[in-house]
Amino acid sequence: MPEIDESVAPTKHLLPGDIEGESEDEAGDDAEDDAPGPPITPAELSAPRKKRKRSKKTTASRGPTALPKNRGHGFEEYFADPPMTPAEAMQEKQEIYAPDIPFERRIESCIQRFRSRRRIQARRATYLNDYLFLGGVDTNPSAYTGLDQKDLKQLTPAQRREATARDVVYEGSGAGDRFYDGDKTKWAVDFAGVAAGFFSTRLIVLTGLHPKPMEEAISVVENFLRYVLHHDVCPEYEDNVKEALRICQMARDEWTALNTLQTALPGLFNPAATELFVEFDPCSWDTSHFKAPEGFDAKSVFYSSIAMLDDSKLFEHLAGKDVKLVNQYECALEVTKVHLPTEEVIERFKKLAITAADKTLRLMPLGKLTLKPATIEDGWVHQGTAHPLQGKEIDLYFEQDILASLKPGVKMVLEIGELGADIRFVKDIQKITPSFYTFLPQELMVQFKLPQKNDRPAPSVHNPTLEDNQAMEE
C-alpha cells in the first residue's frame, strides 16, 4: 500500500477528538473581565463583597462589520454575509479596497476584516494560519497583544482592529526571508497555486486526511476565497481566485478517491506477477503489504487474467515460454489515460472462477493505465539521472476498482518489472499524489530561523560532544 509523505515540518495532527477552543469573542470578554483593577484597601477587605456584573461586548464595539454572536461562526454550509449599510459599502469601495491602493494593503485589510467577520476557533485558526503562511503572510502574534483593555476601549473599532491585527503583508525589507516582500522576481500573486500547495502537503499533516477535519480545513480556505470575491478585494485576480475555488472542490473529491484507493490496492494481478517473476523481497507486496486471499495461486491468477484480456501479442509472448524478469526500476509517472475494462471483458471475468484446495476465487476485471514519465517535487535535491523510460508512454494493468479511483493527472512513484515485449507489471507503489499536486518553496521556510553569530566552537569529529559540554557548563 502506498505511503503518503508528510510535509517537511512535523505538525501535530488535529483530529476530531481535539477539544474546541473558545471563540475569539469569548476570549476577548474574559480578558476584559480579568483586567487589573485599583488596589484594595483594608476597609474594603472587611466589607461584604459585591458581585461584579459580567460585561458583554456589543456587536458595535467589535467593529462595524463584526459578526453578531447569534449568527453562528460563519462557516456553516449555507452561511451568507449579512448585507452592509450603504456607508459601509462605500467605505470598502472607495477607502479599503479602492483600485489605486496597493494589492498588499488591500489583501491585508481583507484578511483582518475576514477574521473579525468569522468566529475562528482553535482548529480553524490553525488551518487558516498555515494556509496564509504558505502565501507569504506573517501570521505571528502581534506585538500589541498585551495592550491594556482600557487603552483599547479608547480606540475606534477600526483602530482597535489594526492595533491588534496579527496578519501582516509586507511591502519591503521588513519581511525578512520568510514572508512575501513584494519583490516580483521572487514572488507571484497566485491564489490557485497557494491553495494547491496547501491541499497537497499541509492538509495531510494537519488532518491526516480524516474526513471530518479534512472537510473543515477545505471549507476554511473556500470560505476565505469566497469572501475575497464577494467584497471585490482584488478584481485583477478574480479569475485566479475562481481557479483556487475549483481546486478546493478538486481536493475534496480527489483526496476522498485516493483514500478509497488505499483499500483497493494492490489487487491480485500485480502481486501474482511479483510472486512469479521477482525474487523474495521483504519490502514488496508479497509479504508486508499483501495478504493473499484463500484460494490464491499466483500462476493461476496471472495467466488466467492474461487469457481473459484477449490480447494476442501479450498471450503469445507469455504462453509456452520460460518468461523471466528482464528489467526492474523505480520511476515517477503521470496518468494520461484510464482505460476501464470493456463490457466484453467484464463478462469474461464473470464466468471465470479459480478453484484451489476446495476454495473458489473470483477475479476482478482488468483495465489499464497509460502513463508518461513525470517529476514529483518534494523539496529534496535529486541526482540528475535519466528517466528509465526516456520519455515514452507505457501501459500497466490494474483491477477495475483501482482504476475507478484514478484520473488523468495523478502522479505515482512505481517500482516496475519488465518481462519483455513491452509487458510490465507493478511490483510496488511508493507514492501517489493528486492531479493538483504542487510543492511550494515556502514549505521549506516553515521552521526556518535566521542564522545568528555564535562565538562558541561547533562540534566536530574531534570533539562531537562539545556542544553538550558547553550547555552543562552554563
**OP:** Output the residues belonging to region 290-343 that are among the hydrophobic types (A, V, I, L, M, F, W, C) and either open to solvent by 80 Å² or more (accessible area, probe 1.4 Å) or part of a helix (DSSP H, G or I) (or both).
**Re:** Ala298, Val301, Phe302, Ile306, Ala307, Met308, Leu309, Leu314, Phe315, Leu318, Val326, Leu340
Subject >> Odd one out for Gly367, checked against (1) touching a residue at least 40 places away in the same chain (Cβ under 8 Å); (2) closer than 30 Å to Phe269 by Cβ; (3) open to solvent by less than 40 Å² (accessible area, probe 1.4 Å) >> reply: (1)
Subject >> strands (runs of 3 or more DSSP E) fully within region 355-441 counting 2 or more residues that are within 27 Å of Glu254 (Cα to Cα) and either assigned by the TED database to the domain that holds Ala307 or at pLDDT below 90 (or both) >> reply: 366-373, 394-399, 411-418, 424-433
Original post:
Restricted to region 176-207, and to residues that are open to solvent by less than 30 Å² (accessible area, probe 1.4 Å) and assigned to a loop (DSSP other than H, G, I, E, B), which residue is farthest from Pro235 (Cα to Cα)?
Top reply: Phe179
**OP:** Please verify whether region 275-285 includes one or more residues that are among the small types (Gly, Ala, Ser) and open to solvent by 50 Å² or more (accessible area, probe 1.4 Å).
**Re:** no
**OP:** May I ask you to list the residues in region 82-103 that are surrounded by 13 or more Cβ atoms within 10 Å (Cβ to Cβ) and over 24 Å from Val168 (Cα atoms)?
**Re:** Met84
Original post:
Checking Leu209 against (1) free of Cβ contacts under 8 Å to residues at least 60 places away in the same chain; (2) over 30 Å from Leu325 (Cβ atoms), which single condition isn't satisfied?
Top reply: (1)
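The values are calculated or read from the model by the stated rules, or taken from the named source; none is laboratory data. These numbers come from a predicted model, not from an experiment. So basically every Cβ, Gly included, is an ideal-geometry build from the backbone, and we count neighbours across all protein chains shown. The protein model used for the area step is the full one, side chains on, heavy atoms only, and it has no ligands, DNA or RNA in it. Shrake-Rupley method; radii C 1.70, N 1.55, O 1.52, S 1.80 Å.
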